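No lab work stands behind these numbers, since they all come straight from the coordinates. Keep in mind the model is a prediction, meaning the values are calculated, not measured. No Cβ is skipped: glycine too gets one built from the backbone with ideal geometry, and neighbour counts run over all protein chains shown.
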Amino acid sequence: MKKNIVFDLDGTLLDTLEDIAISANFALVSLGFEAQEREKYRYFVGEGVFKLFENIFASNPQTPERIQEAVTLFQSHYAKQFNQNTKLYDGISKMLTFLQKRGFKMAILSNKPDSFTKMCAMKYLREWKFDVVFGAREGIPRKPNPEGALEICSLLHVKPDACYYVGDTMIDMQTANNAGMIALGALWGFREEAELKEHGAKYLVKNPSDVIKLLAEV
């Protein structure tokens, strides 16, 4: 039975966009760059903090050292205010409670730095049992490399093809498929249906209650 599920964090379980944008814009303005519109961050995020700023600077490339300055400013600011506007998406609480009651093993795999991933999980998700919570860690390739996802399978003692992976970006769909998991594309998150379809979503779920419906018979 496929009672195992891994979630992305940002844009899947938590709406973190506002707090990410605030901290990233703080870093940009501190370094003399223009702040970016909040909605642009939907497309900047998903591949880790360094890549976040590479994406912001795509039309005005900066040196790795300059990008690292922005990363450092972002991280110090985000650590202080990560919980000012962040919230669970509507229906997430009900979905997680359903999965837990049905005996699903649950885990989180994010490209957000590991410390921030664990901080967010502790703040917003401590009501539910997650067997593994991993963010981006030194020595472990980031998604869409499947290494982190496969490590979770090993820790849960399950086969990848018995595990659902829920995420909201192409990175998540690629991760699921690279790991041999079942890819569920979350349409309530940061990206559009076309992107999720194109990159291998096996199922598309419009809201968390659709996850309940899909997995009710598992």
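Angle between the Cα long axis of helix 114-124 and the longest principal axis of the chain, 0 to 90 degrees, nearest 10? Roughly 60 degrees, rounded to the nearest 10. On C-alpha positions alone, give me the angle between the axis of helix 147-156 and the longest principal axis of the chain, in degrees, nearest 10. Orientation of helix 147-156: about 40 degrees from the principal axis. When only the Cβ of Lys, Arg, Asp and Glu is charged (+1, +1, -1, -1), the dipole of the chain relative to its Cα centre reaches about 840 debye.
Amide H contacts of LEU204 (H built 1.01 Å from N, in plane; Pro and chain starts excluded): GLY185 sit under 5 Å, all sequence-distant by 5 or more or on other chains.
Couplings 3J(HN,Hα) for the range 201-214, derived from phi with the Karplus relation 6.51 cos²θ - 1.76 cosθ + 1.60 (θ = phi - 60°), are 5, 7, 10, 10, 10, 6, 7, x, 5, 5, 5, 4, 4, 5 Hz, where x marks Gly and Pro. For the residue pairs LYS3/LYS80; LYS105/LYS143; LYS80/LYS143; LYS40/LYS129; LYS129/LYS159; LYS2/LYS129, the alpha carbons lie more than 28 Å apart in LYS3/LYS80; LYS40/LYS129. Over all pairs of different C-alpha atoms in the chain, the reciprocal of the mean inverse distance, the Kirkwood hydrodynamic radius, equals 17.5 Å. How far is helix 64-81 tilted off the main Cα axis of the chain, in degrees rounded to 10, range 0 to 90? Relative to the chain, helix 64-81 is tipped by roughly 60 degrees.
Along the range 131-145 the Karplus relation, 6.51 cos²θ - 1.76 cosθ + 1.60 evaluated at θ = phi - 60°, assigns HN-Hα couplings of 5, 9, 10, 10, x, 6, 10, 4, x, 10, x, 6, 4, x, 4 Hz to successive residues, with x for each Gly and Pro.
Residues LEU9, LEU109, arranged from fewest to most other Cβ atoms within 10 angstrom of their Cβ, appear as LEU9, LEU109. Looking at the chain, the DSSP beta bridges with both ends there are about 10 percent antiparallel. Sorting MET95, MET106 by the number of Cβ atoms found within 10 Å of their own Cβ, with the fewest placed first, yields MET106, MET95.
Sequence-ordered 3J(HN,Hα) estimates for the range 86-95 from the Karplus curve with 6.51, -1.76 and 1.60 and θ = phi - 60° stand at 5, 7, 5, 5, 4, x, 5, 4, 4, 5 Hz, glycine and proline given as x. Listed by chain and number, the aspartates and glutamates whose alpha-carbon sits under 14 Å from that of LYS101, ignoring those within fewer than 8 places in the same chain, are GLU127, GLU217. In terms of surrounding Cβ atoms within a 10 Å radius of their Cβ, LYS118, LYS101 rank from fewest to most as LYS101, LYS118.
Across the range 17-81, the mean sequence separation of Cα contacts (distance under 8 Å, 6 or more residues apart), normalised by length, yields a relative contact order of 41 percent.
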